[in-house]
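Any read-out appearing in this document is the output of simple, stated calculations on the displayed coordinates, not a laboratory observation. Note that the coordinates shown come from a computational prediction; the quantities given were computed from them, not determined experimentally. Counting neighbours? That spans all protein chains shown, and the Cβs are built from the backbone with ideal geometry, glycine included.
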């Protein structure tokens with residue numbers, strides 16, 4: 001069995017997925033049939049992961065055509081796992097690190113500083129710029145939310161206690177808009193106590209640094225997180 005047959009089968013499955021934009025019983029039956037043939041080809045080419053996910057996708061598509069409960073969810077999950085298996089297979093086919101690197105996006109050196117203390121914000125921004133980061137500094141929730149979309153920071157550095165700013169909501173939205181690319185959260189505060197610990201337990205940042213330890217300590221901790229994020233070992237870990 002040649003790779004050509006595998007590629008033909010993959011093309012048929014891809015065409016069937018496009019047809020699902022306007023589904024009909026005939027189209028779903030054809031897709032299920034194509035998935036079965038694709039699974040057989042994967043088995044002959046010793047692709048166990050693709051085989052298993054293709055079989056799962058076939059079962060899900062057939063359940064969708066019969067209108068069984070939660071069929072849409074099962075089908076979406078199965079097809080997602082099939083796509084993931086195919087992508088991993090493509091990456092494993094890369095013969096050199098140079099080829100593999102084409103599938104990786106560089107991590108942007110972007111930091112968003114959220115702090116209503118101008119002195120603290122300027123000190124942090126100046127220190128990060130000196131270390132070749134692109135920095136945007138904001139002082140309100142509205143500005144921070146706008147910057148998440150327009151600036152797309154990799155690291156969020158935010159004060160915890162600010163008037164009219166819910167750091168929990170800010171961090172949740174940051175994680176949502178950062179899905180699919182590396183992102184880290186560093187929180188800072190000039191206070192201490194049970195209320196602070198409760199907020200940290202709620203938000204679960206990647207790091208917390210007390211402002212009392214000084215700007216240099218905050219910068220050092222952010223640099224440590226950046227180095228860990230961009231190290232070769234980090235490429236094997238899931239992106240948050």
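Some points to look at:
- All Cα pairs of segment 110-236, percent lying beyond 21 Å: 34
- Of the peptides 206-216, 133-143, the order by per-residue mean of other Cβ atoms within 10 Å, starting with the highest, comes out as 133-143, 206-216.
- Spacing of the two label points (7 Å from each Cα toward its C-beta) at residue 231 and residue 117, in nm: 3.0
- Long-range Cα-Cα pairs in segment 125-173 (distance over 19 Å), rounded percent: 25
- Extension gain, residue 179 to residue 44, is 45.0 nm, computed as 0.36 nm per intervening residue step minus the present C-alpha separation.
- Residues in segment 140-169 that a label on residue 198 would reach, taking backbone N under 15 Å of a point 7 Å out along Cα→Cβ: 161, 167-168
- Antiparallel bridges, percent of DSSP beta bridges restricted to segment 110-236 (to nearest 5): 5
- Take each peptide in 194-201, 27-34, count the other Cβ atoms within 10 Å of every residue, and average; sorted highest first, the result is 27-34, 194-201.
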